[in-house]
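What follows draws every value from the coordinates through simple rules; no lab data is involved. Everything numeric here is computed off the predicted structure, so don't read it as measured data. Cβ sites come from the backbone with ideal geometry, for glycine too, and all protein chains shown count toward neighbours.
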Amino acid sequence: MPDFYGAITDEPFPIGAIPDGAIAPEYWRQEVPNPFPEHPRGTIVVDPDRAMLHFIESPETATRYGVSVGAAGFAWEGTARLQFTRDWPRWKVPASMIARQPDLAPYSVENGGMDPGPDNPMGARALYLFRNGKDTLYRVHGNAVPLELGRAVSSGCIRMLDHDVIHLEARSVHGASVIVLPSQGRGRIDAVY
């Protein structure tokens, strides 16, 4: 495992090291030739079929991260704006999710959500996506389980390892475009229910 997946101890909550062999090398964070040179620096491009997120560094390079996508995420596509980010955000479950999973009601917006911490599904960072000035309720956030990378596991958000979302958030530009490409089918994604 690359050293950058080691334990992180300077956060409000400790983040454990990713065990050797827990992530397929294709999902490791890495600098790659930019597959989307038409987009300016700071643009985030998510390819749901390949379970990859690219942060555009320059016309020549991008940082690529392995992600998990949401089962509902296949239906959401297009361009949003990165409105703001939060470190160790509260998880405020929207009413639509509570309608599907009533046991999440204690974490509703009205109830103030779930406190930050290692058990919070939002993880160490969240990037909030808006379209036409309105919250999409979709997020790019941490707390992915290593074995879930490359799979459809959530209610639509893009999940990253906490190590990677911290790295991404530190270089993100508020107001930047976040593009979720249209799915061309299931690709390499395996659904997990």
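Distances between placed amide hydrogens fall under 5 Å for Thr136 paired with Leu129, Phe130, Arg131, all partners being 5 or more residues away or on another chain.
Sorting 28-39, 77-88, 117-128, 53-64 by average packing, meaning the other beta carbons within 10 Å per residue, from highest down gives 117-128, 53-64, 77-88, 28-39. Semi-axes of the equivalent ellipsoid for the chain, computed as √(5λ) from the eigenvalues of its C-alpha gyration tensor and ordered from largest down, come to 24, 20, 17 Å. Rounded to the nearest Hz, the phi-derived 3J(HN,Hα) couplings of segment 38-48 under the Karplus curve 6.51 cos²θ - 1.76 cosθ + 1.60 (θ = phi - 60°) are 6, 9, x, 3, x, 5, 10, 10, 10, 9, x, where x marks glycine and proline.
What the Cα atoms of segment 43-150 give is an Rg and a Dmax of 14.6, 47 Å. For Met114, nonlocal amide neighbours, meaning residues 5 or more places apart or on other chains whose placed amide H falls under 5 Å from its own, are Trp91, Lys92, Val93.
Only bridges whose two residues both fall in segment 42-193 count here: according to DSSP, what percent of them are antiparallel, nearest 5? Expressed as a percentage, antiparallel bridges in segment 42-193 total about 70.
Residue-wise HN-Hα couplings along segment 19-32, as the Karplus relation 6.51 cos²θ - 1.76 cosθ + 1.60 with θ = phi - 60° gives them from phi, are x, 3, x, 6, 10, 4, x, 5, 9, 5, 4, 7, 7, 9 Hz; Gly and Pro carry x.
For Ala176, the residues whose modelled amide H falls within less than 5 Å of its own, excluding neighbours fewer than 5 places apart on the same chain, are Leu82. A simple packing score, the average count of other Cβ atoms within 10 Å per residue, orders the peptides 151-159, 164-172 as 151-159, 164-172, with the highest score first.
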